[in-house]
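K.L.:
One structure coming up, written as structure tokens, with questions to follow.
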Amino acid sequence: MENVYITIAGLVAIGLVVYFWRRARRQDNTRTDLKITGVRINPPSGSVLPANTPITVTLDYRYTAPREPLHIWVKILDTTYDSIYEGSRDSLEPGKGQVSRRVHLTQAGTVRELFIVAKNQEFVEVFNQPLAVDFTYEADDEADEEWLNDGRGSEITGVKVSIPSPAVVQAGTRIDVDLSYAINTEEGLDIWVIPETEANMTYEGTTGRQAGTGVVSKHFTVIDPGKLSSVRLVMKNAASQTVYELRVPVDYTYTA
């Protein structure tokens, strides 16, 4: 009997060790020692650019914590003007490395700051560093009506989600969405799946335009508890004009 008690006590002790180790690991991945060791911007700060001209930011980095990949973006957070940023198509890995991201205004305006934003695997923001820049965007006077409307008539022909609704989902769960598309422009269209909620959330940015017919996978994550009743499917052309938009009803309840 004594051995039984010792065994039970040992199992309890092991369970407590595992619990606290997992809790510490979860806490650790909300902190990072990420350092941006080099920044190259092309075209250079001070440039005057036509609307929709991308700014490419190449980053050298190093970090050891958390011991997991990090998603990273370069964003324009000033909402005075419409902007588009490239999605986190390749993650940072612990150690040293280099990554490039693109961002631009879709209309005339100025950009005084870019922001380097990194999130962990649960899409919790762990890093946000501003970059002072000075870009002026001018309206593209050469844009004609045909170019602005390029891709109209394209459509999403099928939607498949990784977690069918209605469903109860833990906050922070990534939901993948496979979209079948029929796109009628050789230039291709950018596609987004955007959760319509005031809660803290994230969704995959542009990772390259799609053309013809096929299937593309996108994802989104709602980070806070609450309800989600719709997602918005958006397609934009090379002129950053929305040529297709569809609201899809869903029924997700997010819990803590």
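The values are calculated or read from the model by the stated rules, or taken from the named source; none is laboratory data. Just so we're clear, the structure is a prediction, and the values are computed from it rather than from any experiment. In this analysis, Cβ positions are derived from the backbone assuming ideal geometry, glycine residues included, and neighbour counts consider all displayed protein chains.
K.L.:
Which count do you get for residues in the range 186-216 that are part of a strand (DSSP E or B), within 21 Å of TRP73 (Cα to Cα) and either modelled with pLDDT under 95 or not polar (S, T, N, Q) (or both)?
P.N.:
Selection size over the range 186-216: 12.
K.L.:
Of all the residues that make up the range 30-46, how many are crowded, with 16+ Cβ neighbours inside 10 Å and part of a loop (DSSP other than H, G, I, E, B)?
P.N.:
So the answer is 2.
K.L.:
Assess whether ARG89 counts as being out of contact with any Asp or Glu (no Cβ under 8 Å at 6 or more places or on another chain), outside the structural domain of LEU179 (by TED's automatic domain parsing), among the basic types (Lys, Arg) and closer than 19 Å to THR206 by Cα.
P.N.:
Yes: the conditions hold for ARG89.
K.L.:
Restricting to strands (runs of 3 or more DSSP E) lying wholly in the range 98-185: which have 2 or more residues that are buried (at least 17 other Cβ atoms within 10 Å of the Cβ) and among the aliphatic types (A, V, I, L, M)?
P.N.:
Fully inside the range 98-185 and qualifying: 109-119, 125-138, 155-161, 174-183.
Residue by residue, here is whether (1) of a type outside the set (Gly, Ala, Ser); (2) farther than 12 Å from ILE191 by Cβ holds:
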{"residue": "ALA238", "(1), (2)": "no, yes"}
{"residue": "GLN241", "(1), (2)": "yes, yes"}
{"residue": "GLU245", "(1), (2)": "yes, no"}
{"residue": "ALA256", "(1), (2)": "no, yes"}
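K.L.:
Does at least one position in the range 62-84 carry a residue that is of a type in the set (Ser, Thr, Tyr), at pLDDT 95 or above, surrounded by fewer than 18 Cβ atoms within 10 Å (Cβ to Cβ) and closer than 25 Å to THR30 by Cβ?
P.N.:
Yes - at least one qualifying residue is present in the range 62-84.
K.L.:
Still on this model: Quick check on my filter: what residues within the range 70-96 are under 14 Å from the mean Cα position of the chain (by Cα) and assigned to a loop (DSSP other than H, G, I, E, B)?
P.N.:
Matches in the range 70-96: ILE76, LEU77, GLY87, SER88, ARG89, ASP90, SER91.
K.L.:
Mind checking which residues of the range 218-234 are part of a strand (DSSP E or B) and of a type in the set (D, E, K, R)?
P.N.:
LYS218, LYS227, ARG232
K.L.:
Would you confirm whether any residue within the range 61-68 is in contact (Cβ under 8 Å) with a residue 40 or more places away in the chain, in a strand (DSSP E or B), closer than 12 Å to ALA118 by Cα and not aromatic (Phe, Trp, Tyr)?
P.N.:
No: zero hits.
K.L.:
Of all residues in the range 168-207 being touching a strand residue (DSSP E or B) at 6+ places or on another chain (Cβ under 8 Å) and either of a type in the set (Phe, Trp, Tyr) or free of Cβ contacts under 8 Å to residues at least 12 places away in the same chain (or both), which is nearest to LEU233 (Cα to Cα)?
P.N.:
For the range 168-207, the residue satisfying everything is TRP192.
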